[in-house]
1. Would you report the distance distribution of C-alpha pairs in the stretch 61-191 as whole percents per 5 angstrom bin, up to the bin with the largest distance?
2. Averaged per residue, what accessible surface does the stretch 40-196 expose to a 1.4 Å probe, in Å²?
3. By how many nm would the segment from Asn65 to Ile164 grow when fully extended, if each residue of separation counts as 0.36 nm and the alpha-carbon distance is taken off?
4. Given labels modelled 7 Å from the Cα in the Cβ direction, how far is it in nm from Thr209 to Asn125?
5. Please compute, for the alpha-carbon atoms of the stretch 1-103, the extent along each of the three principal axes and give them in descending order in Å.
6. For the Cα atoms of the chain, what angle does the longest principal axis make with the long axis of helix 36-47, in degrees from 0 to 90, nearest 10?
7. What does the helix-only formula give at 222 nm for the chain: each DSSP H stretch with n ≥ 4 adding -39500 (n - 2.57), the total divided by the residues, and the result rounded to the nearest 500 deg cm²/dmol?
8. Which of the following values of Cα Rg over 2.2 N^0.38 Å was calculated from the structure shown: (1) 1.03; (2) 1.69; (3) 1.11?
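The values are calculated or read from the model by the stated rules, or taken from the named source; none is laboratory data. Values in this document were obtained by computation on a predicted structure and should not be read as measured data. Cβ: placed from backbone, ideal geometry, glycine included. Neighbour counts: every protein chain shown. All accessible areas refer to the heavy atoms of the entire protein, side chains included, with ligands and DNA or RNA removed. Shrake-Rupley method; radii C 1.70, N 1.55, O 1.52, S 1.80 Å.
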Amino acid sequence: YRSIYVHSTVGILFSAPDGRILAANDFACRMFGMSQEEMIAAGRDGLVDLSDPRVRELVAERRRNGYAKGEIRFVRKNGQKFPAEISSVIFTDVEGNERTSLVIRDLTEEKEAAGRIRHSEEKFNKAFLNSPDAISITRLNDGLILDVNNSFLEISGYNREEVIMHTSLEMDFWTDPAHRDQYVRQLLAHGRVREFETVYRTKSGNLRTTLVSGELFEVGDD
């Protein structure tokens, strides 16, 4: 157990229920940028962000249930705040003293990566929605429409609710259904189609000669 404590890749603290730090492993010391002596001197209140309301909630939960798990903010020696996932239990040591253990997993890199992904999604979502070209995302096997952009709605004359989760054949977009079959065969054969000429029907019944380009990609098993 000591080997696990010493060599763990998460921070581990042992403390008293009143917040006194009794021991910290090497990973916790590196996480906070402190020596074990400095962490003991700082105590719990010197390591957590006391402005985070979740701290009190988790302490109260641990007192009620003997165990608590959640996410709170901590503070490094240099004053930098960082998010972390913690799990903590109350136990009794061999001398009969009530003690607590605290396992801390730094979420900084995970949160930053999630932020980059979110930013990327927002960027491409805006590019998709505001493209001057009409774009639809459809399921290949049955033509089910999963999403469309604003230009698609403007050109087709439909609103979003009228087209989402309907198939292109249900919407009667293809004036010649055989053209869709030909288009799908090309997609399956080459993974992409460029400037396939066909005639689309709008909501008002007007016919538009269009050039359709498509690309296959996978989402899950679809």
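1. Bins of 5 Å from zero give 2, 8, 11, 11, 10, 8, 6, 6, 7, 8, 7, 6, 4, 3, 1, 1, 0 percent of pairs.
2. 62
3. Net length gain for the segment: 31.0 nm.
4. 3.9
5. Principal-axis extents of the stretch 1-103 (Cα, largest first): 36, 32, 23 Å.
6. 60
7. -11500 deg cm²/dmol
8. The listed entry that was calculated here is (2).
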